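Take a look at the structure below.
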Amino acid sequence: ILHGSSNVKFSDVWGYEADGREYGLICSTQGVHVFELKSDYLQFVDFIPGTFQSAQITNRDVTTYKQYAYTGCDHGNSNLQIIDLSTLPDSAKMVKEIDLGFGRIHSLFVDEENALLYVCRVTPIVNGNPTSVIPMRVFSLADPLNPVLLYEGPNGITEVHDIWVQNNIAYLNCGFDGLRVYNFSNPSAPQFIQNLTFYQHQGYNHQGALTPDGKKYVFADETNGKPVKFAQVNDNHQIQIQHYLGVNTINNSIPH
């Protein structure tokens, strides 16, 4: 596996289950590696080369919907790749690459219940050159092989670094712009709920996750010495930070 000065080889992993078998999709500087999880070892199945491969890649992301995996990276002349997993455990096959509407991609999230693909921090590539960053784009997966653009935004912020969506409520991690909450019941016209722009121990708002009951939200700022935040979520889907999980500030630990 290629690795450059950052010494990064792998950047994401995703679990997938089909026909009683479990698989791991592992992203590297070169592409997506598919393994079947056995009782005491990993069985290599297949490798799907990335559209863009480089030792300098520090971010490639992957997620799944139905029988397909969606992947892209935040470097070079990248795009969205769609991988067919229906032939597992024998193989996996890249079936489509989409340039229009994509390009460099930082992170992906699928709302399976509503067949929506959320693509965070999109940098379109035009004539081989990167253009301005679009904070986030949302696509319909009604046809999983042909995503249809429904929304891009929000306005007034630099980026959406990552996202968590549950029951149509989306929690947007917006880097130095903090945290935003939207209702995506109408994905073409989401309704604003909350903007958490300033909070204690704030840094670069990186990622978060909601508990299954929707009552608690845990998120982290990717900044030296900043603790993980534990927040309560009220009935109106607004969050209030209640507790912190400390990090080793002496060693400048970074929650990621």
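Structure data summary
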read-out	value
Neighbourhood charge, 15 Å Cβ-Cβ cut-off, centred on residue 114 and excluding it, Lys, Arg +1 and Asp, Glu -1	-3
Most positive-pole-ward Cα, 126, 43, 88, against dipole of region 1-130 from beta carbon charges	126
Region 201-253, accessible surface, carbon-and-sulfur percent (1.4 angstrom probe)	49 percent
Simple Cβ-charge dipole of the chain, Lys/Arg +1 and Asp/Glu -1, about Cα centre, in debye nearest 20	540 debye
By accessible area with a 1.4 Å probe, ligands and nucleic acids excluded, highest first: order of 164, 14	14, 164
Heavy atoms of residue 51: accessible area, 1.4 Å probe, square angstrom to 10	60 Å²
Correct choice for Rg and Dmax of the Cα atoms in Å that was computed from the model, options (i) 18.3, 50; (ii) 20.5, 63; (iii) 18.4, 55	(i)
Accessible carbon and sulfur surface of region 1-109 relative to its total accessible area, %, 1.4 Å	49 percent
Amide H contacts of residue 228 (H built 1.01 Å from N, under 5 Å, at least 5 apart or other chain)	245
Under 13 Å, Cβ to Cβ, from residue 174 - net charge with Lys/Arg +1 and Asp/Glu -1	-3
Amide hydrogen neighbours beyond the local backbone of residue 107, cut-off 5 Å, H modeled	120
Accessible-area order (highest first, 1.4 angstrom probe) of the listed residues 138, 133	133, 138
Percent of beta bridges antiparallel (DSSP, the chain, rounded to nearest 5)	100 percent
Per-residue ³J(HN,Hα) for region 114-120, Karplus 6.51 cos²θ - 1.76 cosθ + 1.60, θ = phi - 60°, Hz, x for Gly and Pro	10, 6, 10, 10, 9, 10, 9
Solvent-accessible area per residue, Å², over the chain with all protein chains present [probe radius 1.4 Å]	48 Å²
³J(HN,Hα) computed for each position of region 11-16 - Karplus, 6.51 cos²θ - 1.76 cosθ + 1.60, integer Hz, glycine/proline x	9, 7, 9, 9, x, 9
Around residue 81: net Lys/Arg minus Asp/Glu count, Cβ-Cβ under 15 Å	-3
Residue 21 - accessible surface, heavy atoms, 1.4 Å probe, Å² rounded to 10	90 Å²
Area of residue 11 that stays accessible when all protein chains are in place (1.4 Å probe, Å², to 10)	40 Å²
Under Karplus coefficients 6.51, -1.76 and 1.60, residue-wise ³J(HN,Hα) of region 204-217 in Hz, glycine/proline x	9, 5, 9, 6, x, 8, 9, 5, x, 7, x, 9, 9, 10
Amide H partners (placed H, <5 Å) of residue 50, local residues excluded	31, 32
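The values are calculated or read from the model by the stated rules, or taken from the named source; none is laboratory data. Quick caveat, the model's predicted, so the values are computed rather than measured. For neighbour counting, all protein chains shown are included, and Cβ atoms are generated from backbone atoms with ideal geometry for every residue, glycine included. These accessible areas exclude ligands, DNA and RNA; they are computed on the full protein's heavy atoms, side chains included. Shrake-Rupley method; radii C 1.70, N 1.55, O 1.52, S 1.80 Å.
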